[in-house]
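Notes to accompany the following structure.
The values are calculated or read from the model by the stated rules, or taken from the named source; none is laboratory data. Remember, predicted model here, so these are calculated numbers, not experimental data. Backbone-built Cβ (ideal geometry, glycine too); neighbour counts: all protein chains shown.
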Amino acid sequence: MRRYLLPIAAALLASAALPSAAAAANAEVTTDLNMRAGPSTNFPVVEVIPDDGNVTVHGCVSGYGWCDVTWRSARGWVYGDYLRYFYSNRYIPLTEYATIVDVPIVTFSVDTYWDSYYRSRPWYGRRAYWRDVWRDNRRDNRAERREDRRDDRVDRRRDRREDKAERREERRDAKQDRRRENRAEKRQDRRENKAERREKRRDAAKTDRRRENRAERRQQRRQPTAERRQQRRDARVERRRENRVERRQPRRENRVERRQQRRDMSSQRRERAPRAARGQGRGRGRDG
């Protein structure tokens with residue numbers, strides 16, 4: 001079973017390390033660039049690609065840090081930040097181009113890759129050493145990636161804290177703004193209410209003055225009529241007094257006359273009484 005699996009695994013690694021020509025794309029380097037025998041600066045230099053040199057990109061490792069390219073008859077790895085593509089009538093970096101057109105993601109194996117391209121190179125005989133270098137490099141890369149992920153987590157936490165603090169500050173500012181707006185609205189409402197009350201007082205004062213003026217004018221119009229009424233009342237009272245006086249005068253005179261008559265009658269009776277008394281005296285004498 002193992003005898004059959006090993007060739008299959010080797011074939012898969014070879015297919016991953018050697019992408020098809022259909023996936024290849026032309027790019028341009030932005031500076032004099034070292035082509036290395038592996039995706040790391042620890043690997044030996046294969047060729048130096050001059051500035052503006054055209055290369056064929058067969059694929060890149062994850063993250064597009066290193067790319068497998070062909071320049072002239074040489075095959076090797078170059079740093080991805082120094083590659084650019086001509087797209088939509090302009091040059092764009094590899095990272096931006098990879099988001100538009102899918103650039104293949106490939107892996108690297110020292111034995112498979114070097115067996116295919118570097119058999120005639122002087123460092124090919126030290127594959128075991130370079131395999132260890134690649135293993136250490138991957139270990140270092142893993143440690144770097146762990147450190148990067150740790151730093152990213154720390155940065156994300158810090159960013160979240162800062163975002164929370166910013167959101168809190170924004171909420172505080174929004175609350176303060178709302179309070180200021182509410183206070184401004186209340187002040188405006190109070191001003192408007194004062195202005196309305198002032199206007200109402202002015203209108204009421206105007207209305208009162210108009211009423212007073214109308215009342216004064218009515219009073220002025222009514223005053224002659226009232227005076228005439230008072231005069232008529234006084235005349236009626238005077239006439240009633242005169243009539244009472246006129247009615248009382250005859251009664252007084254009658255009372256005076258009756259008193260006088262009573263006095264006269266009483267004086268006459270007194271005068272008659274002595275005469276009658278004398279007459280009775282005379283008769284008695286005659287009888288005796």
Exercise for the section: Only residues that are free of Cβ contacts under 8 Å to residues at least 24 places away in the same chain and of a type outside the set (A, V, I, L, M): list them for region 42-69, please. Expected result: 50, 51, 63
Exercise for the section: Starting from region 146-158, take each residue that is at positive phi and among the aromatic types (Phe, Trp, Tyr) and list its partners that are surrounded by 10 or more Cβ atoms within 10 Å (Cβ to Cβ) and in a helix (DSSP H, G or I), counting only C-beta distances under 9 angstrom and pairs at least six apart or across chains. Expected result: none
Handout entry: Single unsatisfied condition, residue 225 versus (1) surrounded by 10 or more Cβ atoms within 10 Å (Cβ to Cβ); (2) β-branched (Val, Ile, Thr); (3) farther than 30 Å from residue 63 by Cβ
Key = (1)
Practice task
Out of the residues in region 1-32 that are under 14 Å from residue 69 (Cβ atoms) and either modelled with pLDDT of 95 or more or β-branched (Val, Ile, Thr) (or both), state the one that is nearest to the chain's Cα centre (by Cα).
Solution key: 30
Practice task
Within region 80-94, count every residue that is touching a residue at least 12 places away in the same chain (Cβ under 8 Å) and out of contact with any strand residue (DSSP E or B) (no Cβ under 6 Å at 6 or more places or on another chain).
Solution key: 3
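Name the residues in region 48-59 that are within 17 Å of residue 26 (Cβ to Cβ) and in a strand (DSSP E or B), would you? Let's see the steps before the verdict.
Narrowing region 48-59 to residues within 17 Å of residue 26 (Cβ to Cβ): 49-59.
The answer is 49, 54, 55, 56, 57, 58, 59.
Residue-by-condition table, conditions (1) basic (Lys, Arg); (2) at pLDDT below 90:
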| residue | (1), (2) |
| --- | --- |
| 177 | no, no |
| 200 | yes, yes |
| 206 | yes, yes |
| 216 | no, yes |
| 220 | no, yes |
Problem - Filter result for residue 151 (out of contact with any helix residue (DSSP H, G or I) (no Cβ under 7 Å at 6 or more places or on another chain), part of a helix (DSSP H, G or I) and at pLDDT 90 or above) - result: no
Exercise for the section: Hey, could you check region 37-78 for residues that are in contact with a helix residue (DSSP H, G or I) (Cβ under 6 Å, 6 or more places away or on another chain) and hydroxyl-bearing (Ser, Thr, Tyr) and say which is nearest to residue 138 (Cα to Cα)? Expected result: 40
